[in-house]
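One structure below.
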Amino acid sequence: MSSTNGRADTGASPAPAASPPTPKGVDEFLTALAAVKGYSPATVAAYADDLAQFEASLAGRGLSLATPEAITRDHVRGFLAELHRRRAAKSSMGRKLSTLRGFFKYQLQKKRVAADPTAGVKNPKAERRGPRALNADEAVALVTPPLAAPAADGSAASCRDLALAELLYGSGLRISEALGLDLDDLDLSQGIVRVMGKGSKERLAPLSDASRERLRDYLRRRGELGPGPMELALFLGNRGGRLDRRQAARIVDALAKGAGLARHAHPHMLRHSFATHLLESGADLRSVQELLGHARLTTTTRYTSLDLARIVGIYDKAHPRSGHKDEGDDNKK
């Protein structure tokens with residue numbers, strides 16, 4: 001299953017061979033996610049997939065989300081146990097449990113259930129893995145391929161590929177944000193791009209000098225990709241329509257291979273690298289939070305693999321009430 005807004009499932013269990021029809025109550029809940037919360041179609045699809053898997057689990061017990069009042073905590077725990085037996089990633093299991101919590105909270109609001117069957121069900125302990133990021137040398141090599149590499153042949157497609165990679169790394173955009181850009185979202189003269197982020201929240205992201213140059217090169221050649229007269233997408237596929245996620249993933253991985261990297265790369269890795277390299281260079285957490293478009297600071301610390309010791313170190317050095325003393329403090333008295 002693929003999605004945006006942080007709900008990509010890298011360890012999802014295989015979906016059942018035949019999913020039951022979607023109950024009416026589920027359709028209503030999904031509609032509310034889009035209409036009230038402003039979730040993107042991809043995020044709503046991720047919720048729908050989670051609920052379809054739970055519905056398939058319930059079907060084996062003669063139950064359905066169409067009658068949510070009959071579902072108990074044991075059914076929720078049984079579903080998680082099934083996922084565990086299929087060796088689903090703990091992050092995937094936690095996300096599915098979050099989906100069920102949202103669904104039953106909605107049912108409580110509608111007074112269709114008297115109690116929440118997810119109450120008291122604990123999240124599986126997540127694996128302590130930091131997000132994968134390239135080191136600085138790898139990132140620069142990916143966006144600056146050697147002259148002999150296919151990505152440096154000067155074609156319209158290669159100009160697009162480098163512009164996309166430079167934008168992801170230089171501005172820290174989500175791949176969904178980059179692929180959703182239209183031509184009028186870009187302001188090269190000011191060096192900014194208007195981004196529609198998670199939850200339909202708009203922000204302005206700065207462009208690096210390298211990114212502006214790559215985008216100018218690409219825009220000069222963009223018409224060679226054969227866009228239709230009404231196609232406003234910034235990044236076009238080889239047939240002229242809007243570039244899709246699958247193509248973008250292949251582009252980034254091909255750039256990594258052409259640069260001689262010893263591992264595969266994917267678009268979100270460039271976003272991780274953007275944030276990590278900024279913090280390693282001394283940028284403050286709040287600024288990086290704004291650049292990434294995160295609603296919560298804790299999300300930023302997770303994306304950038306900051307450990308508690310480093311966060312405390314930043315606080316001690318920066319906050320006037322932290323009680324931290326520099327080596328020269330005693331000499332100043």
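The values are calculated or read from the model by the stated rules, or taken from the named source; none is laboratory data. Everything numeric in this text was worked out from a predicted model, so none of it was measured. Methodologically, a virtual Cβ is constructed for each residue, glycine included, from the backbone with ideal geometry; neighbour enumeration extends over all protein chains shown. To get the accessible areas, we keep the full protein, side chains included, count just its heavy atoms, and leave off ligands, DNA and RNA. Shrake-Rupley method; radii C 1.70, N 1.55, O 1.52, S 1.80 Å.
Taking the Cβ of residue 218 as the center, what net charge do the other residues with Cβ under 12 Å away carry, scoring Lys and Arg +1 and Asp and Glu -1?
That works out to +2.
Distances over 19 Å make up what percent of all Cα-Cα pairs in the stretch 24-110?
Within the stretch 24-110, distances greater than 19 Å cover 36 percent of Cα pairs.
Using mean Cβ contacts within 10 Å as the protection proxy, how do 195-205, 261-271, 161-171 order, highest first? Show your work: numbers first, answer last.
Details: 195-205: 15.6, 261-271: 18.7, 161-171: 25.9.
Peptide ranking by packing, descending: 161-171, 261-271, 195-205.
Rounded, prolate or oblate: pick one for the stretch 213-256, where a ≥ b ≥ c are the square roots of the eigenvalues of its C-alpha gyration tensor, a/c under 1.5 means rounded, and failing that, prolate if a/b is larger than b/c, else oblate.
Note, shape of the stretch 213-256 comes out oblate.
Tell me the per residue accessible area of the stretch 172-230 using a 1.4 Å probe; a whole number in Å² is fine.
Working: 3120 Å² over 59 residues.
Computed with neighbouring chains in place, this is 53 Å² per residue.
Could you please state how large a percent of the accessible area of the stretch 24-110 is carbon and sulfur, counting protein chains only and using a 1.4 Å probe?
53 percent
Return P(r) of the stretch 223-303 (all Cα-Cα pairs; 10 Å bins starting at 0; whole %; ordered from short to long distances).
All Cα pairs considered, the percentages come to 16, 31, 31, 20, 3.
Given labels modelled 7 Å from the Cα in the Cβ direction, how far is it in nm from residue 35 to residue 264?
4.0 nm
Considering only C-alpha atoms, what is the centroid distance from the stretch 219-282 to the stretch 60-112, in Å?
What the calculation gives is 36 Å, centre to centre.
Report the gain in length on full extension from residue 296 to residue 245: 0.36 nm times residue separation, minus Cα-Cα distance, nm rounded to one decimal.
My answer for the length gained is 15.8 nm.
State in Å² the accessible area per residue of the stretch 24-110; use a 1.4 Å probe, count heavy atoms of protein chains only, and round to the nearest integer.
46 Å²
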